[in-house]
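Everything below concerns the one structure shown next.
The values are calculated or read from the model by the stated rules, or taken from the named source; none is laboratory data. Quantities reported herein were computed from a predicted structural model and do not represent experimental measurements. Backbone-built Cβ (ideal geometry, glycine too); neighbour counts: all protein chains shown.
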Amino acid sequence: MLVWLILVVPLIGAVIAALCGRGGAASARWVALASVMINLALTVALMLPAITRLSARTPAPTDAEALSFAPNDVTRIDLLPVGTDSRPAAIQFYVGIDGLNLWLIVLTSFLMVPSVLISWTAITERGNEFYAWLLILETGMLGVFVSFDLILFYVFFELTLVPLYFLIGVWGGPLRRDAARKFFLFTLAGSVIALLGLIGIVIACKNQTGELTFAIPRLIELVQQQLRMEDTRIREYWHQIQLMVFLAMTAGFAVKVPLFPVHTWLPLAHVEAPTAGSVLLAGVLLKLGSYGFLRLAIPLCPDAALSIGVPLLGTLAAIGIIYGALCAFAQQDVKKMVAYSSVSHMGFCVLGLFTLNSAGINGGLLQMINHGLSTGGLFLLVGMLYERYHTRMIPDYGGMAARLKLLSFFMVFICLTSVGFPGLNGFVGEMLILAGTYTMNVPGVSSNLLVFIIACGIFMGGWYLFTMLKNVFFGPLHEPHHDGHVVGDLNGRELAAIVPVAIACIVLGLFPQPVLDSARRDVNTVVKIADAARDRAAMTKNQ
Amino acid sequence: MHSHLWLILALPLGAGILVGLFGKLLKGQSHWPVILGAAGACGISLHALWQLHGHHDSVSLLQTDTLPWFSAGGVSVGLRLAIDPLSAVMLTAITFIGTWIAIYSAGYMHGDPGYPRYFAVFSGFVFSMCGLVLTDNLLVLYGFWEGVGICSYLLIGFWFAKPTAAAAARKAFLVTRLGDAGFALGIFLLWSKFGTLSLPTLFETVRGQPVEPILTTACLLLFCGAVGKSAQFPLHVWLPDAMEGPTPASALIHAATMVTAGVYLVARCMPLFVLAPTALVVVAGIGAFTALLAALIALTQHDLKRVMAYSTVSQLGYMFAALGCGQGKLAAFAVTAALFHLFTHAFFKALLFLASGSVMHAMGGVIDMRRIGGLRKALPITHATFACGAFALAGLPPLSGFWSKDEILAVSQEATHGDVFAAIYLCVFAALLMTALLTAFYTSRAYFRTFWGKEVIPPEAGSHGHDHHNDHHVAVVAHESPAVMTVPLMVLAAGAVLVGGALAVNHVFGHFVENTPDFLKYFAVHEHHANYVLMAVSTVLAMFGIVSAYFVYVVKPGTADVIASRAPALHRLSLNRFYFDEIYAVIAAGPLAALAVISKVFDMLIDGIVDAVGRLPRLFGGLLRPVQNGLVQFYALAMLLGLTVFIAILAFAR
Amino acid sequence: MSVPLGHSLTVGAALFVLGAVGFLTRRNLITLFLCAELMLQGVALNLVAFASHHGHLHGQAFALFIVTVAACEAGLALALILMLYRSRKSLDVSLWQDLRDPDLEPTLDVERLPAPPAEEAQPILAVAGRLPPPRIEGGGDA
């Protein structure tokens, strides 16, 4: 029950906030804060029992069990019957929790709180609408993660675009309209192609098995059954289908992640978005792409993921790691720098997922959460700095540590999490990805080259972040031009926004095991699916 | 199980957190928790050392339960503390010297606005360093390794408003991180091949299966990390700049402990390195080359702290050269020699730095040897203690540097008789001898120029010139430092004088370290025997260096300029540190920044392509736009034509 | 007696074509409207013709609708035309191009239309028993 409740609460909050009226911005933000807090409480109530339950499952599906996901806390309601009387089928409201989405849900609910707090004074116009859109965005993001129905997944996937379009387009910076339009059209173009792929796999399953279903676990099961067949014609059919479906899904998810070279919407959208929008965009929305790879692309098309996914996406991710870091270094705008650092970090994530082994996928999954926290934190801090001086240009600043002690402290701290400092969250994920890459064992892919690139990425992450720290926060004090009044350090509200993020970074860095434990079975399911694909590939080669 | 070992980590960590959180309340008392924490850790370490020493013959190891950190996909990591003789020696050096430096800092940093911050980071450093030597898991070791790195970053950049300090901090962080990236690769290369991150298990697994060429690569990658952290060529450039930090921090981190972490790492992994002779000879080569190079640079530097920094680089090179000589049967000897030098070096180098700090304190922040001189009367205690340290470094018998340096020379000399790479080891041996001479010379040069000759005191002394230091002595004459600073100097001076001799007797130190279980298991037993010829040679070299420095700088001042003018090119090279910073700016930093700009431009290109795709519909739309001309009759005509075509199709298409 | 289908269709087609050609070539709004009506009636004639050919009344019903709608149309259209005339003081349809694409130039005549012929001024009748006012030469105010 809690699962659909966390989707409904923000919607109700959004309606109430919208009803507060133009003059009621003050009450709207309290409504927003209340609903995100309630949602966070609900999420925690959902999480605590779920951890134990998910961790207690057998570590991997046995050969007798279906090789698929088995969500917990399921709610299934028929929305749109599309089958015949003899063969009922329906697009369903099918939501649930498993190890892959639990922590992303927690991350989303968690990051909403600072997002509301950071907008407290920054949003001066049409506050009620702002918070309403923000809450709708929360529903959309949570919806993507909890969906186990293909169409529901897609609907929520697209639903996230609308609120963010307005958040950027109405409350953004000077180029907000361009940024919003570009963001919307670019990601829409990608995800429409992904929809083709999603429908394609449903129809392929119907053609081959006669069963029409949109439920993701069932689809994966059917695909696995089909792939096990010895018939060459069936095998050839699925080979073709997987190729096309995988490429179509890649189009959608790669734009969202974003991978090089389809990343250019990201810096613009980040720079123009209001701080809360940037936090959620970097913290959660980018993960929709990598989550899509993990939940749909790899399990539904394992052979294609192995044969073209690893070389193609591995290469793009590797290029992205280096390229994003280089671009980040060259930026004068702090926000743009953080945006490009996301390209670099998400490259790590995707590379981890496409190692197709346990260490790498665990690392990739963990890195999604880590990146959400650390980049979310960076955007929060940049937003706080911007609110004080109304500039984001690095050359305008210097020695801010003398003026803004707490802000500088947290900036150094979050930079450390971002570069993967041991004991903070980024480290474990990065190391697992490195381990996974070493042992990825995919024919035709040089893991030595990839680990070298990861090492370069680890170095370069420190390079641009610490150069920024040196230029902005250290050295002689050089404040940007501002209107005379003494600029104060972080206030209580800002501390309430950033401190939980910092604490979460430490907690996740020191105790990552609950995350790894609860996801173990599902990760191993994906790994087993991928291993089966490896065996098939080896067999084909031998013949 | 020995759960009290956790206290070694918990005390400094707790002190650090306490000072970090409540620094505003503690203010000028911030040093107390830190000193007590370090002292407590020191007490436990000494106790552990005593326990290990008691069990002389058995395999001796104090250890705790494993605290699991994470495990997934075959990578499982847990924190377990294990004290064996190797780590006990390191631990004692760290906590003992750390405690005294903390006490010294209470005087040196007195009145600084960042007082609590300094001590919080200081304590964090002690914690990380202890963790580094106590763990037996490579990835946890890497974690603490990064931890000491970040404390070093924070302390170098302690006076962050100084542009040079901010730049030096970033440089130190990035250069060491370059090595760390290689270290991480090495760790996971070993993991991917042998499936474990635990060092004892790894040593066990490596034996009994074909390991080449993975092992050589992995060892070289581990060595990469050591090169970065221990400032060896070619990543040595950060250490001299790191002297921008407070002097006590330099003493602790950039002289006595953190920079020796690389030596410790290679010593700890020696059971791997012995299986990879090529890796070892690279270690020896780089160590010897660095030792010579840094000694040459130290000859001409004017900044007293920089001389000491290059001397540190040089001495670390010495230790690596010793480790690199540990081919085959020499492994145990090499490790003990390197560790012995590490141990004695920690005392006298920390002492030299603290004494330099005392000079700096008295001279109002001036440390340029061209502006000070003849201070032996003004600063009697500083002078005496500095002399102890300097002559220990120069290797004058019977001070401690002599004994440990002699061990290293002995092991490198024995390596020249070995079966492999004899020619290279001969060069290493020669370079080390040369370095011994140069070391004696530049150390004495620094000593004589600072404390002998005509008394020169810069005007900053006694005034408020010290930019960070709120000095409350207003006297115009230079003054000796307060007791809180001189007592640590005297303690460390005693160590610098006595430690070497005391531990060299009957090879106490060597036997103790050889009892490390991993070494007992995998290394051949080494017979200690004194090499009197070599001792004599090294004594002569040291004496020659000291005497010639005395002649050049005290008896006939000005000789140095004459010598410099004889070999201007060499002098310029040395003075400009062989232009390494400039070369790196051209071959590394510059191209990387240029590449970044190119990427940025390229990104605009990609973005342009995307925008161009976005403009395509508009372009096609432009072709049809004139149709929308607003004329009713034109529309009617279009309808009519359309209808005609439609009917025509209906009529004729069947 | 019945009119052959072809005859009715020919008349209907002729009406439609006359209307269409008129609609496309004339520029007076009222004429355009009348031409549209002409097309409508041509179609209505077609419907009636086919209905009588098939022997039922569907077409007639349709034609009745058309006539009714045309009547409503006439009322609305003439009112609209009056409004248009008031704002531009002209019935030329080409003056109304405001719905074109914003970037396009308006379409203008290559040759200007000849000025409308001066109308004969209407006689002004005097009140009974008075002399008419003197006529001003050339003062034909329309």
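Scan the range B:187-197 residue by residue and report those that are in a helix (DSSP H, G or I) and either touching a Pro at 6+ places or on another chain (Cβ under 7 Å) or more than 7 Å from chain A (Cβ to nearest Cβ) (or both). Quick ask: steps written out before the conclusion?
Within the range B:187-197, the first condition is being in a helix (DSSP H, G or I), and the residues that meet it are B:187-194.
Scanning the range B:187-197 gives B:I187, B:L190, B:K193, B:F194.
Can you tell me which of (1) part of a helix (DSSP H, G or I); (2) over 17 Å from A:A317 (Cα atoms); (3) within 8 Å of chain B (Cβ to nearest Cβ); (4) touching a helix residue (DSSP H, G or I) at 6+ places or on another chain (Cβ under 6 Å) is the one A:G423 doesn't meet? Among (1) part of a helix (DSSP H, G or I); (2) over 17 Å from A:A317 (Cα atoms); (3) within 8 Å of chain B (Cβ to nearest Cβ); (4) touching a helix residue (DSSP H, G or I) at 6+ places or on another chain (Cβ under 6 Å), the lone unmet condition for A:G423 is (1). For the condition farther than 30 Å from B:R625 by Cα, within 14 Å of chain B (Cβ to nearest Cβ) and within 21 Å of the chain's Cα centre (by Cα), C:G75 does not qualify.
Does the range A:480-495 include one or more residues that are part of a helix (DSSP H, G or I), in contact with a Ser or Thr (Cβ under 7 Å, 6 or more places away or on another chain) and surrounded by 20 or more Cβ atoms within 10 Å (Cβ to Cβ)? Step through it out loud before you land on a result.
Filtering the range A:480-495 for residues part of a helix (DSSP H, G or I) gives A:492-495.
When the remaining residues are screened for being in contact with a Ser or Thr (Cβ under 7 Å, 6 or more places away or on another chain), the result is none.
No, the range A:480-495 contains no residue that is part of a helix (DSSP H, G or I), in contact with a Ser or Thr (Cβ under 7 Å, 6 or more places away or on another chain) and surrounded by 20 or more Cβ atoms within 10 Å (Cβ to Cβ).
Would the range B:59-69 turn up any residue that is more than 18 Å from B:W145 (Cα to Cα), of a type in the set (A, V, I, L, M, F, W, C) and within 14 Å of another protein chain (Cβ to nearest Cβ)? Yes; the residues of the range B:59-69 include at least one that is more than 18 Å from B:W145 (Cα to Cα), of a type in the set (A, V, I, L, M, F, W, C) and within 14 Å of another protein chain (Cβ to nearest Cβ). Looking across C:R86, C:R100, C:R112, one residue alone is more than 14 Å from chain B (Cβ to nearest Cβ), in a loop (DSSP other than H, G, I, E, B), under 25 Å from B:Q633 (Cα atoms) and modelled with pLDDT of 75 or more. It is C:R112. Listed by position, the helices (runs of 4 or more DSSP H) inside the range A:229-309 whose residues that are away from every other protein chain (no Cβ under 14 Å) number at least 3 are A:232-256, A:275-280, A:286-292. Just one residue in the set B:A167, B:A161, B:A184 is within 9 Å of chain A (Cβ to nearest Cβ), within 19 Å of the chain's Cα centre (by Cα) and surrounded by fewer than 21 Cβ atoms within 10 Å (Cβ to Cβ); that residue is B:A167.
Would you mind stating whether B:L132 is more than 9 Å from chain A (Cβ to nearest Cβ) and either in a loop (DSSP other than H, G, I, E, B) or within 22 Å of B:A267 (Cβ to Cβ) (or both)? Yes. Listed by first and then second residue, the pairs linking a residue in the range C:26-53 that is crowded, with 20+ Cβ neighbours inside 10 Å to a residue that is among the hydrophobic types (A, V, I, L, M, F, W, C) and not in a helix (DSSP H, G or I), with Cβ atoms under 6 Å apart and 6 or more places separating them unless they lie on different chains, are C:L29/C:L91.
Across the range A:352-372, a minimum of one residue is classified as surrounded by fewer than 24 Cβ atoms within 10 Å (Cβ to Cβ), within 14 Å of chain B (Cβ to nearest Cβ), closer than 22 Å to B:E146 by Cβ and touching a helix residue (DSSP H, G or I) at 6+ places or on another chain (Cβ under 7 Å).
Kindly state which helices (runs of 4 or more DSSP H) lie completely within the range B:264-343 and contain at least 2 residues that are crowded, with 24+ Cβ neighbours inside 10 Å and aromatic (F, W, Y). Working first, answer last.
On the way: elements: B:270-273, B:277-298, B:304-324.
Per the criteria, B:304-324.
Among the residues of the range B:407-427, write down those that are touching a residue at least 24 places away in the same chain (Cβ under 8 Å) and within 26 Å of B:P397 (Cα to Cα). Answer for the range B:407-427, where residues must be touching a residue at least 24 places away in the same chain (Cβ under 8 Å) and within 26 Å of B:P397 (Cα to Cα): B:E407, B:I408, B:L409, B:A410, B:V411, B:S412, B:Q413, B:E414, B:A415, B:Y425, B:C427.
Looking at A:F379, A:F413, which one is crowded, with 22+ Cβ neighbours inside 10 Å and more than 10 Å from every other protein chain (Cβ to nearest Cβ)? Only one candidate qualifies: A:F379. Going by the structure shown, is A:R218 in a helix (DSSP H, G or I), more than 20 Å from the chain's Cα centre (by Cα) and farther than 22 Å from A:Y94 by Cβ? Criteria not met by A:R218. Being over 43 Å from the mean Cα position of the chain (by Cα), of a type in the set (V, I, T) and surrounded by 12 or more Cβ atoms within 10 Å (Cβ to Cβ) narrows it down to one residue among B:V597, B:V627; which is it? That would be B:V627, the only listed residue that is over 43 Å from the mean Cα position of the chain (by Cα), of a type in the set (V, I, T) and surrounded by 12 or more Cβ atoms within 10 Å (Cβ to Cβ). Scanning the range A:203-243 for residues that are touching a residue at least 60 places away in the same chain (Cβ under 8 Å) and among the small types (G, A, S) returns A:G210, A:A215. Among residues of the range B:555-591 being exposed (fewer than 15 other Cβ atoms within 10 Å of the Cβ) and within 14 Å of chain A (Cβ to nearest Cβ), the one that is farthest from B:V237 (Cα to Cα) is B:P591. Of all the numbered requirements in (1) of a type in the set (A, V, I, L, M, F, W, C); (2) crowded, with 24+ Cβ neighbours inside 10 Å; (3) under 21 Å from A:T75 (Cβ atoms), A:A132 misses one, and that requirement is (3). I'd like the residue in the range A:382-410 that is more than 14 Å from chain B (Cβ to nearest Cβ) and not in a helix (DSSP H, G or I) and, out of all such residues, is surrounded by the most Cβ atoms within 10 Å (Cβ to Cβ). The residue in question is A:R392.
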